[in-house]
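For reference, the structure is listed below as C-alpha cells.
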Amino acid sequence: MEIAYTVHARPDTGVYNAKLGMWLFLASEVMLFGGLFSAYVFLRVGAPPDTWPQGWLNVPLGTLNTLLLAASAVTTFLAWAACKARRLDQFKLHTGLTLLLGCIFLGIKGYEYHDKWTHYELRLKDGRIAEGHLVGPKSTAEAVVLKGRWVEDRRQLLDGRRSRGTWQELTIPRADIDRMQNYAPRHNTFLAIYYTMTGLHGLHVLGGVVVFAYLWGPGSRLWHVDPEHFTNRVEVAGLFWHFVDLVWIFLFPVLYLS
Amino acid sequence: MVQATTRSIEFPAREFHGPAHATGFWRTYVFSTDHKVIGIQYGLTALCFLLLGFFLILAMRWQIAHPGEPIPLVGWFLEKVLGSPASRGIMSPDLYNMFGAMHGTIMVFLAIVPLAVGAFGNYLVPLMIGANDMAFPRLNMISYQLYFLGGVVMLASFLIPGGAAQAGWTSYSPLATVIPTDGQTFWLIGMVLLITSSLLGSINIITTIVQLRAPGLTWMRLPFFVWAQLAASFLLLLAFPPLEAAGIMQLMDKVAGTSFFLPTGLAVGGATAQISGGGSPLLWQHLFWFLAHPEVYVLILPAMGIVAEVLANNIRKPLWGYRTMVYAVLTLSFLSFIVWAHHMYLTGMGTRISTFFQTTTIIISIPSVILLTCLLMSLWGGSIRIHTPMLFALAFLPMFGIGGLTGLPLGFAASDIQLHDTYYVIGHFHYVVAPGTIFALFAGIYHWFPKLTGRRMNEFWGRVHFWCSFLFMNAVFLPMFAQGFAGMLRRMADGGLSYSARISPGVEGTLSDFILGLNNYILWAAVGLGLAQLPFIINLFWSIWRGERVQGDNPWQATTLEWQTPTPPPHGNFLRLPQVYRGPYEYGRLDEDGDYLPQDRPPVAHTR
Amino acid sequence: MNDTSSSVNSYRAAVCQGRSVLLIIAAVTLCMVGVAHAPLPDAGLRTALVLVAAGVNAILVAGRLMHVLQERHVIFVLLAFTVLFFVALMGLCLWAHGDTPKP
C-alpha cells in the first residue's frame with residue numbers, strides 16, 4: 001500500500017508530506033524553545049536586584065561554537081544541493097563535514113560544562129568567600145585546593161569579566177568551610193536556565209548528528225533505489241539542523257553576551 | 001485558502017492488496033501501522049482510563065460524603081495495594097490529594113483527549129477525507145506506544161513509596177515541588193511522554209488533512225468533524241510545547257535542585273528551604289495555562305465535530321451555516337491562545353492585564369455560541385430520526401449550553417473572586433466535559449460502531465444507558481453550583497466539614513447542613529452514574545460478536561466518505577480511489593432516488 | 001544534457017551562496033560580540049543591537065538555508081501563526097508581570 005505524496009509534492013499545496021510534517025514539528029519546537037526563552041526573560045526581569053550574573057560564560061568559545069554551527073548549517077545546505085545535482089560524493093563529503101562540526105560543537109559544549117561543574121564557591125565559617133576551580137589532585141580529606149580568589153562580598157562574584165587573571169592557588173582547610181557549592185544548575189537561576197536551555201539544545205544537536213550519521217551511512221542505500229526520496233530526506237533533516245542552528249543563534253547572545 | 005481543483009491533481013495509481021491476514025498477530029493487532037487498528041487501540045485504552053478515572057473520583061466522593069469512614073467494598077483492596085495512605089480502608093488526606101491529582105490527569109490527558117483525537121481522529125479522519133492511511137503510519141504507531149508508556153508511568157506512580165503526585169492536575173509550584181515524594185517526578189516524566197505522543201499525533205493528523213484529501217475534496221467540502229480535528233490538532237501542536245518546557249523546568253526543580261518556580265525565602269515545614277531562590281511560581285501558572293486553556297478546546301472541538309456529523313445524518317438535511325461553523329471553529333481556536341490568564345485573576349494581577357483577559361474571554365464565547373446556535377438551528381425543519389446516537393448528540397446541546405453559560409461569571413474578575421476555586425468551577429467544567437464531551441463521544445461510539453464491526457449496538461440498552469446517564473450526570477453536577485455559591489472550596493479532603501455549621505455552630509459564613517448534605521446526595525448519584533455505564537460496557541462487547549448485523553455498508557444512509565467503504569474497512573480503506581463531487585451534507589434531496597447524495601457519487605445528467 | 005548542466009550550475013550557485021552566507025554570518029557574529037563588549041552608554045541599546053544582529057543571522061539561516069523565502073503558501077501561514085502565538089506567549093507573560101502591583 002502506497003501513501004500519496006511521500007516523494008512528490010501535492011500539486012495544490014506544493015509540498016510533500018515529510019516537508020509539511022517537519023515544518024509542523026519545527027513550529028512546535030519554536031513553541032518549546034519559545035516557552036524557555038519566555039521563562040528566561042520572565043525570570044531575568046523579575047530577578048531580585050544583585051542576583052543576575054554577567055559574563056560568566058566563555059565568549060570566545062561561544063563565538064567559536066556559533067561559527068561552527070553556522071558552518072555546519074551551510075554544509076547541510078550544500079549536501080542537499082549536491083543531492084539535487086545527483087552528486088553522491090559531494091553529499092558524503094558535506095554530510096561528513098556536518099557530522100564533524102556537530103561533534104566538535106558538542107565537545108566544546110562538554111568542555112564548557114566541565115569548566116562550570118568544577119568551579120566552586122566556598123563560604124567559610126568566618127564569612128569570607130572564595131571562588132575558583134577545584135584542583136582535584138591536590139585536594140585532600142583535610143583541605144580543598146582552589147585555583148581562584150577571595151572576595152569580600154557575594155555581589156563581586158556576579159561580574160565574571162573582571163575576575164580573570166588575578167587567580168592563584170588557595171588552600172582552604174575543610175574544617176573552616178561552611179558551605180561549598182559548584183556551579184551546577186542549583187547554584188542560581190542563571191546557571192539553571194543556562195544548563196536547561198543549552199542541555200535541551202545539545203540533545204537536539206545530538207539527535208541531528210544521529211540522523212545525519214544514519215543518512216551518511218546505512219540510510220544512503222535509499223539513494224540507489226530512489227534518489228528523489230533520499231534527497232527529500234536530506235532536505236527535511238537539513239531543515240531540522242538549520243532550526244537547531246537558529247536556536248543557538250539566539251541562545252548565544254542571550255546567555256553569553258547579556 | 002488553498003484552491004484545490006479536481007482537474008489539476010493527478011493521484012498515483014493505488015491498488016488494494018487484499019485483507020491483512022498476510023501479517024502475523026503482532027503486526028496486525030499490537031504493532032500495527034494501520035490507522036484503524038491504532039484508532040481502536042487508542043479507543044480501548046482510553047476507555048479503560050476513563051473507567052479508572054471514574055473509580056478514583058467515586059472513592060473520593062465517598063470520602064467527601066463520609067469523611068474518615070472506611071470505603072465500602074474496595075477499602076481493603078486499596079489498603080493492600082497502596083499501603084499506609086489507605087490504612088484500615090480509610091482515605092487519608094494524602095490519598096485524597098493523590099486521587100484528586102490523578103483523576104484530573106487521567107481524565108484529561110489519558111482518557112478524553114486520546115479518545116477524542118487519538119481514537120476518533122485516527123480512525124475517521126483518513127476515511128472521511130478518502131485517504132488510504134495517515135501520512136506517517138509508523139509515527140502513528142510510535143505515538144500510540146508513547147501514550148501507552150505515559151499511562152504506564154502514571155499508573156506506576158501509585159505504587160512507589162509515598163504514592164502518586166498530590167498537587168492537583170495543575171501541579172502548581174512550589175507545592176508540587178516541595179511535596180517530599182517522587183510522585184511528582186513520575187507525573188512529569190509521564191507528561192513528557194504524553195506530550196511527545198500528542199505532538200506526533202497532531203503532526204500526523206494535520207499533514208494527513210492537508211496532503212491526503214481525495215481529489216475534489218476542497219476545504220469547504222470537508223466534513224465539519226475534519227475541521228474540528230484540524231483545529232484541535234493545531235491547538236495540541238502549538239500549546240503543548242510550552243507545558244513541555246515548563247515540565248522540564250519543574251523536573252529540574254525536582255531532580256537537579258534548581259529554583260525556576262521557587263521564590264526567594266521559601267519556607268517549607270517551618271524552615272527556610274535550602275534553595276537558591278529567585279524563581280517565580282507565577283511563571284509555572286502562565287506556562288501551564290497557556291496549554292491548559294487551549295486544552296479545554298481540544299476536549300470540546302472534536303466532540304462538536306462528532307455531534308455535527310451525527311446531527312446532520314439524523315436530521316436528514318444540511319447543517320445550518322456550515323461555513324459559519326468553520327470560521328467560528330477557526331476563530332475559537334485562535335482566541336483560545338490568548339485567554340489563559342482568566343485562570344489567574346486571583347494571583348494579584350494588575351487591572352489592565354486582567355481587563356485584557358476578561359475582554360478576550362468574553363469575546364471567545366461568541367464563536368462558541370455561534371457553533372451551538374448553528375447546531376440548534378439545524379434541527380429546525382429536519383425530519384429527525386431518534387435513536388441512541390442521536391439522543392446523545394441532542395443531549396450534548398443543552399448540556400454544553402449549561403457548561404458554557406455558567407462559565408461567564410468565571411470570566412469576569414469581579415464575580416470570579418467569589419467563585420474561584422469553589423465547587424462552582426468544578427460544576428462548570430464538568431458540565432462542559434462530562435455531559436458535554438463524553439456524551440458526544442458516546443454518540444460517536446454508537447454512530448460509528450456499525451462501520452467498525454458491521455454490527456449495530458443494541459438499541460434498547462443504548463436507550464437505557466442514555467436516559468440513566470443523562471439523569472445521573474445532572475444529579476451529580478447540578479448541586480455543585482449551589483455548593484460553590486455557598487463558598488465550598490474544592491480540594492478539601494473532608495468535604496468541607498471543617499468549615500461547616502456542624503463543627504462551628506453559629507459562626508457566620510459556615511457551610512449549612514443542607515449544602516453539606518448535598519455531598520451524600522452527589523455520592524449516590526455518582527454511584528448511579530457508574531451503574532448506568534454497565535449496560536454500555538456489556539452492550540459494547542456483546543455487540544462486537546453478537547450484535548444485529550447491519551444491511552449494507554451504509555446503514556445510516558450517510559453522505560460522508562467513511563460510509564462508502566467496505567465494512568469493516570480493509571487495510572488501505574477504499575477499493576478504488578474516491579473522487580468527491582460535492583459538500584458533505586447533501587441530505588433531504590427530493591430529486592434523487594434516496595434522500596441523500598454521497599460525496600463520491602458522480603452527478604447524473606437529468607433526463608427530465 | 002541540458003538538465004545535467006543546469007543542475008551542475010545550480011550546485012555551483014549553491015556553493016557560492018553557501019559561502020557568502022557563512023561569511024556574512026561570521027562577520028555579523030563578530031560584530032555582535034564587539035557590540036556586546038563596547039562601552040555603550042545604555043545597556044538597553046546594547047541588548048537591542050545584539051538582538052538585531054542575531055535577527056540578521058536568523059533571517060539568513062531561515063530565509064536562505066532553509067529556503068523559507070521560496071517556500072509555499074502553506075508553510076508561510078503555519079510560520080506566521082507560530083510566530084504570533086510565540087509573541088503572545090512572551091508578550092502577555094511579560095505584560096502580566098509588569099502590570100502586577102508591587103507590595
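The values are calculated or read from the model by the stated rules, or taken from the named source; none is laboratory data. Nothing here was measured: the structure is a model prediction, and the numbers come from that model. So basically every Cβ, Gly included, is an ideal-geometry build from the backbone, and we count neighbours across all protein chains shown. The protein model used for the area step is the full one, side chains on, heavy atoms only, and it has no ligands, DNA or RNA in it. Shrake-Rupley method; radii C 1.70, N 1.55, O 1.52, S 1.80 Å.
Looking for something within 14 Å of chain A (Cβ to nearest Cβ), in contact (Cβ under 8 Å) with a residue 40 or more places away in the chain and buried (at least 19 other Cβ atoms within 10 Å of the Cβ) - is there at least one such residue anywhere in region B:104-120? Steps first, answer last, please.
Of the residues in region B:104-120, the ones within 14 Å of chain A (Cβ to nearest Cβ) are none.
The answer is no, given that none of the residues of region B:104-120 is within 14 Å of chain A (Cβ to nearest Cβ), in contact (Cβ under 8 Å) with a residue 40 or more places away in the chain and buried (at least 19 other Cβ atoms within 10 Å of the Cβ).
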From the residues in region B:137-164 that are more than 21 Å from B:S84 (Cα to Cα) and open to solvent by 40 Å² or more (accessible area, probe 1.4 Å), which one is nearest to the other protein chains (Cβ to nearest Cβ)? B:L139
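Filter region C:25-36 for residues that are more than 8 Å from chain A (Cβ to nearest Cβ) and over 16 Å from the mean Cα position of the chain (by Cα); which is surrounded by the most Cβ atoms within 10 Å (Cβ to Cβ)? Show your work before the answer.
To start, the set of residues in region C:25-36 that are more than 8 Å from chain A (Cβ to nearest Cβ) comprises C:27-28, C:31, C:34-35.
Right, trim to over 16 Å from the mean Cα position of the chain (by Cα) and you get C:34-35.
Values: C:G34: 11, C:V35: 19.
Among those residues, the one meeting the criterion is C:V35.
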So C:G63, is it closer than 29 Å to A:F25 by Cα, in a helix (DSSP H, G or I), more than 8 Å from every other protein chain (Cβ to nearest Cβ) and modelled with pLDDT under 90: yes
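If you take the residues of region A:51-89 that are assigned to a loop (DSSP other than H, G, I, E, B) and modelled with pLDDT under 90, which of them is most open to solvent (accessible area, probe 1.4 Å)? Don't jump to the end; show me each part of the working.
First, pick out the residues of region A:51-89 that are assigned to a loop (DSSP other than H, G, I, E, B): A:51-53, A:55-58, A:85-87.
This time we only want the ones that are modelled with pLDDT under 90, so: A:51, A:55.
Details: A:T51: 58, A:G55: 12 Å².
In this case the residue turns out to be A:T51.
Would you mind stating whether A:G238 is in the same structural domain as A:W56 (by TED's automatic domain parsing) and open to solvent by less than 10 Å² (accessible area, probe 1.4 Å)? Before the answer, list the steps.
Numbers: in the same structural domain as A:W56 (by TED's automatic domain parsing): yes; open to solvent by less than 10 Å² (accessible area, probe 1.4 Å): yes.
Yes; evaluated as a whole, the condition is true for this residue.
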If a residue has to be touching a Pro at 6+ places or on another chain (Cβ under 8 Å), open to solvent by less than 30 Å² (accessible area, probe 1.4 Å) and not hydroxyl-bearing (S, T, Y) to count, how many in region B:257-287 make the cut? 8
When you look at A:P218, is it open to solvent by 10 Å² or more (accessible area, probe 1.4 Å), out of contact with any His (no Cβ under 8 Å at 6 or more places or on another chain) and within 14 Å of another protein chain (Cβ to nearest Cβ), yes or no? no
Mind listing whichever residues of region A:1-34 are closer than 17 Å to A:E235 by Cα, open to solvent by 10 Å² or more (accessible area, probe 1.4 Å) and either out of contact with any helix residue (DSSP H, G or I) (no Cβ under 9 Å at 6 or more places or on another chain) or β-branched (V, I, T) (or both)? A:T6, A:V7
Can you pull out every residue in region B:196-222 that is open to solvent by less than 10 Å² (accessible area, probe 1.4 Å) and within 18 Å of the chain's Cα centre (by Cα)? B:S197, B:S202, B:I205
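B:T359: farther than 21 Å from B:L319 by Cα, open to solvent by 30 Å² or more (accessible area, probe 1.4 Å) and at pLDDT below 95, yes or no? Quick ask: steps written out before the conclusion?
Numbers: farther than 21 Å from B:L319 by Cα: yes; open to solvent by 30 Å² or more (accessible area, probe 1.4 Å): yes; at pLDDT below 95: no.
Taking the combined requirement at face value, the residue does not satisfy it.
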The lone condition A:L106 fails out of (1) surrounded by fewer than 20 Cβ atoms within 10 Å (Cβ to Cβ); (2) assigned to a loop (DSSP other than H, G, I, E, B); (3) touching a residue at least 60 places away in the same chain (Cβ under 8 Å) is (2)
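Considering region B:256-291 alone, what residues qualify as being within 9 Å of chain A (Cβ to nearest Cβ) and in contact with an Asp or Glu (Cβ under 7 Å, 6 or more places away or on another chain)?
Of all residues in region B:256-291, those within 9 Å of chain A (Cβ to nearest Cβ) come to B:256-260, B:264, B:275-280, B:282-283, B:286-287, B:290.
Listed by number, the residues that qualify are B:S259, B:F260.
Within region B:227-269, how many residues are farther than 15 Å from A:L36 by Cα, of a type in the set (A, V, I, L, M) and either assigned to a helix (DSSP H, G or I) or touching a strand residue (DSSP E or B) at 6+ places or on another chain (Cβ under 7 Å) (or both)?
Residues of region B:227-269 farther than 15 Å from A:L36 by Cα: B:227-237, B:254-257, B:262-269.
Those left that are additionally of a type in the set (A, V, I, L, M): B:228, B:230-232, B:235-237, B:255-256, B:262, B:266-268.
Filter once more, so that each one left must be either assigned to a helix (DSSP H, G or I) or touching a strand residue (DSSP E or B) at 6+ places or on another chain (Cβ under 7 Å) (or both): B:228, B:230-232, B:235-237, B:255.
Residues in region B:227-269 being farther than 15 Å from A:L36 by Cα, of a type in the set (A, V, I, L, M) and either assigned to a helix (DSSP H, G or I) or touching a strand residue (DSSP E or B) at 6+ places or on another chain (Cβ under 7 Å) (or both): 8 in total.
Mind telling me which of the residues B:L371, B:L319, B:L332 ends up being open to solvent by less than 20 Å² (accessible area, probe 1.4 Å) and not in a helix (DSSP H, G or I)? Full working, then the answer.
On the way: B:L371 fails: not in a helix (DSSP H, G or I); B:L332 fails: not in a helix (DSSP H, G or I).
Just a single option satisfies the conditions, and that option is B:L319.
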Do any residues in region B:345-374 that are touching a residue at least 60 places away in the same chain (Cβ under 8 Å) and more than 8 Å from every other protein chain (Cβ to nearest Cβ) have Cβ atoms under 6 Å from those of residues that are open to solvent by 30 Å² or more (accessible area, probe 1.4 Å) and in a loop (DSSP other than H, G, I, E, B), where the two are at least six apart or on different chains, and which pairs are they? B:L346/B:H420
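Residues of region B:386-409 being open to solvent by 60 Å² or more (accessible area, probe 1.4 Å) and closer than 15 Å to B:I315 by Cα, which ones?
Restricting attention to region B:386-409, the residues satisfying the condition of being open to solvent by 60 Å² or more (accessible area, probe 1.4 Å) are B:386, B:398, B:405, B:408.
Within region B:386-409, just B:I386 meets the criteria.
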Considering region C:73-103 alone, what residues qualify as being crowded, with 17+ Cβ neighbours inside 10 Å, more than 8 Å from chain B (Cβ to nearest Cβ) and not aliphatic (A, V, I, L, M)? C:F86
Only residues in region C:1-17 that are at the interface with chain A (Cβ under 7 Å from one of its Cβ atoms) count as the first member; pair them with residues that are surrounded by 12 or more Cβ atoms within 10 Å (Cβ to Cβ) and modelled with pLDDT under 75, Cβ under 9 angstrom, at least 6 apart or cross-chain, and list the lot. none
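Please work out if A:G199 is of a type outside the set (D, E, K, R), within 14 Å of chain B (Cβ to nearest Cβ) and open to solvent by 20 Å² or more (accessible area, probe 1.4 Å).
Details: of a type outside the set (D, E, K, R): yes; within 14 Å of chain B (Cβ to nearest Cβ): yes; open to solvent by 20 Å² or more (accessible area, probe 1.4 Å): yes.
Answer is yes for this residue.
So that you can scan it fast, the table gives a plain yes or no per residue for (1) farther than 23 Å from B:G100 by Cβ; (2) open to solvent by less than 20 Å² (accessible area, probe 1.4 Å):
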{"residue": "B:R491", "(1), (2)": "no, no"}
{"residue": "B:G496", "(1), (2)": "no, yes"}
{"residue": "B:L511", "(1), (2)": "no, yes"}
{"residue": "B:G517", "(1), (2)": "no, no"}
{"residue": "B:N520", "(1), (2)": "no, no"}
{"residue": "B:Q533", "(1), (2)": "no, no"}
{"residue": "B:F536", "(1), (2)": "yes, yes"}
{"residue": "B:N539", "(1), (2)": "yes, yes"}
{"residue": "B:I544", "(1), (2)": "yes, no"}
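Check B:T185, B:T177 and return the single one that is open to solvent by less than 50 Å² (accessible area, probe 1.4 Å), more than 30 Å from B:Y123 (Cα to Cα), away from chain A (no Cβ under 14 Å) and assigned to a helix (DSSP H, G or I).
Working: B:T177 fails: away from chain A (no Cβ under 14 Å).
When all the criteria are applied, what remains is B:T185.
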Is it fair to say B:A303 is more than 22 Å from B:L597 (Cβ to Cβ), under 21 Å from the mean Cα position of the chain (by Cα), in a helix (DSSP H, G or I) and modelled with pLDDT under 95? no
Could you please find all residues in region C:37-54 being at the interface with chain A (Cβ under 9 Å from one of its Cβ atoms) and either surrounded by 14 or more Cβ atoms within 10 Å (Cβ to Cβ) or touching a residue at least 60 places away in the same chain (Cβ under 8 Å) (or both)? C:R46, C:T47, C:V50, C:L51, C:A53, C:A54
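Each row is one residue, and each column tells you yes or no for (1) more than 30 Å from B:T218 (Cα to Cα); (2) more than 9 Å from chain B (Cβ to nearest Cβ); (3) in contact (Cβ under 8 Å) with a residue 24 or more places away in the chain.
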{"position": "A:R10", "(1), (2), (3)": "no, no, no"}
{"position": "A:V41", "(1), (2), (3)": "yes, yes, no"}
{"position": "A:G55", "(1), (2), (3)": "yes, yes, yes"}
{"position": "A:L67", "(1), (2), (3)": "yes, yes, no"}
{"position": "A:T75", "(1), (2), (3)": "yes, yes, yes"}
{"position": "A:R87", "(1), (2), (3)": "yes, yes, no"}
{"position": "A:G102", "(1), (2), (3)": "yes, yes, yes"}
From the list A:R186, A:R179, pick out the single residue that is on the phi < 0 side of the Ramachandran plot, buried (at least 18 other Cβ atoms within 10 Å of the Cβ), among the charged types (D, E, K, R) and within 14 Å of chain B (Cβ to nearest Cβ). A:R186
